[in-house]
Amino acid sequence: MDKSYSEVEAEKVFEKNRFWFGRFRTTRSFKKLTKPEKVAAQYVTQAFVGLAYRYEMRRPRRYTAAMVEDVLLNQFPKRIAATNVFFTSIIPVMRRYIVFLGVQHKVGNVKTLLRALDNVSTKRLLVAHQDHANWDPHKAKAMTILMGTNQADVDPRKVSEFEQDYNMGVPLRFCFDLGVYRQPKNIILLTESLRKKFEQILYEKNN
């Protein structure tokens, strides 16, 4: 295990993952992912290697079954603010990615790591994510933004800083859902001011 956390080393871990993922994206294995999984895949792998290094002090070559289960069942649900679509994509994406990294000789004990992934299961992971008691304060605040219940006075720069500082680069936007389900063009998203305006118009028409 590495002795101490280093921002410099963390960036090296992310950089290597970006390179590996670029190769993974060209494989037939990636192409077999569903559309939601493809949309989430880069962020899933990025968050996984980031959480593994920051909280477990493990680089890919030193991954263990126990570490995989802890990252998935504890670190992801506790720290990563994202949609259900993202969380249901984690296991399918990581299964294919671990196999790919094994073929590329970037991780060892592939079968052991795959058994750990299967032991977690998507259902257990999703249940852990949906349990608010598992969320740390950063995730709790971010989820209100993500779900649209705390949009007032949201500073985009602070959101971007949060994504990088706490969310392992996973964006607090509806990119996972919007990448799959296109919103009808005739739907208008109401801000608080617009909602009040239309309420007033309706009130005047009915009186």
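A short reminder: the numbers here are calculations on the coordinates, not readings from a lab. Worth saying up front: this structure is predicted, and the values here are computed from it rather than measured. Every residue, glycine among them, receives a Cβ derived from its backbone with ideal geometry; neighbour counts consider all protein chains shown.
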Worksheet item: What is the packing order of peptides 22-34, 45-57, taking the mean over residues of other C-beta atoms within 10 Å and listing the highest first?
Response: 45-57, 22-34
Discussion item. Please give me the summed charge of the neighbours of Ser121: other residues whose Cβ is under 12 Å from its Cβ, Lys and Arg +1, Asp and Glu -1.
Written reply: +2
Discussion item. Let's see if you can work this out: charge +1 on each Lys and Arg Cβ, -1 on each Asp and Glu Cβ, no other charges. What is the dipole magnitude of segment 27-91 about its Cα centre, in debye to the nearest 20?
Written reply: 320
Worksheet entry | Sequence ranges 154-165, 89-100, 123-134, ranked by mean other-Cβ count within 10 angstrom, highest first | 89-100, 123-134, 154-165
